[in-house]
Each structure stands twice: as C-alpha cells, then as structure tokens.
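Enquirer: I am attaching a structure below and will ask some questions about it afterwards.
Throughout, read-outs are computed from the coordinates displayed, never taken from laboratory work. Computed from a predicted model, the values in this text were never measured in an experiment. Virtual Cβ from ideal backbone geometry, glycine too; neighbours counted across all protein chains shown.
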Amino acid sequence: MAAALEFQTAVGKIFYNAGSTPDGRLIRKSQSYRFVEQNATPANLQLALASLGQLSAMTVMSYEKIVTSEITN
C-alpha cells in the first residue's frame with residue numbers, strides 16, 4: 001500500500017520584531033492568515049504577506065507558509 005498526502009489547509013504567517021525585553025531578549029509577535037489557496041505561488045504569497053505586513057507599525061522579520069496534510073492510504 002502506498003501512502004499519499006492529501007492537502008487540508010494552508011496558513012500564511014507574518015513574524016514581527018516587537019522590541020526587546022529589559023534583559024535584551026527579542027520579542028517576536030506573529031499574525032496568521034487562514035484559508036490560503038493550495039496553489040498560491042510563493043511569489044504571490046510573499047507579495048500578499050508583505051503588503052499586509054506594511055499595515056503594522058512593527059518591523060517584519062519573516063514570512064512563513066504552513067501546510068497541513070492528511071496521510072491517506
């Protein structure tokens with residue numbers, strides 16, 4: 001039996017630099033955007049998340065796409 005991955009969901013995530021603690025450690029905040037299309041290209045996703053990130057007063061550190069799949073037989 002061969003197993004296969006079946007797409008379920010994708011989430012776009014933006015990570016922000018929210019300053020630092022009194023002892024100098026970085027405070028990292030994030031915002032998630034659900035219902036990302038399965039076939040969204042990396043370029044389109046980066047453009048969309050970059051545009052959304054510009055709405056924040058915090059500096060954007062990075063972007064991430066998280067895909068959830070189910071393993072089926």
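Enquirer: Could you list the trypsin sites (Lys or Arg not before Pro) in the range 19-61 that lie in coil according to DSSP, counting only those with at most 11 other Cβ atoms within 10 Å of their Cβ?
Expert: Values: sites: Arg25, Arg28, Lys29, Arg34; in loops: Arg25, Arg34.
Here the sparse-neighbourhood loop sites are Arg25, Arg34.
Enquirer: On to the next question. Residue farthest toward the positive end of the dipole of the chain, with Cβ of Lys/Arg at +1 and Asp/Glu at -1: which of Ala43, Gln31, Val11?
Expert: Of the options given, the answer is Gln31.
Enquirer: Answer rounded, prolate or oblate for the range 4-72, using the Cα gyration tensor with square roots of eigenvalues a ≥ b ≥ c: rounded when a/c is under 1.5, else prolate when a/b is larger than b/c, else oblate.
Expert: Working: a/c = 3.67, a/b = 1.86, b/c = 1.98.
Oblate.
Enquirer: Short version: ³J(HN,Hα) in whole Hz for each residue of the range 54-59, in order, from phi by Karplus 6.51 cos²θ - 1.76 cosθ + 1.60 (θ = phi - 60°), x for Gly and Pro, what are they?
Expert: 5, 6, 8, 6, 7, 7
Enquirer: Using Cα pairs closer than 8 Å and at least 6 residues apart in sequence, work out the relative contact order for the chain, in percent. Intermediate values should be presented prior to the final figure.
Expert: Details: 118 pairs, mean separation 38.0, N = 73.
Relative contact order for the chain comes out at 52 percent.
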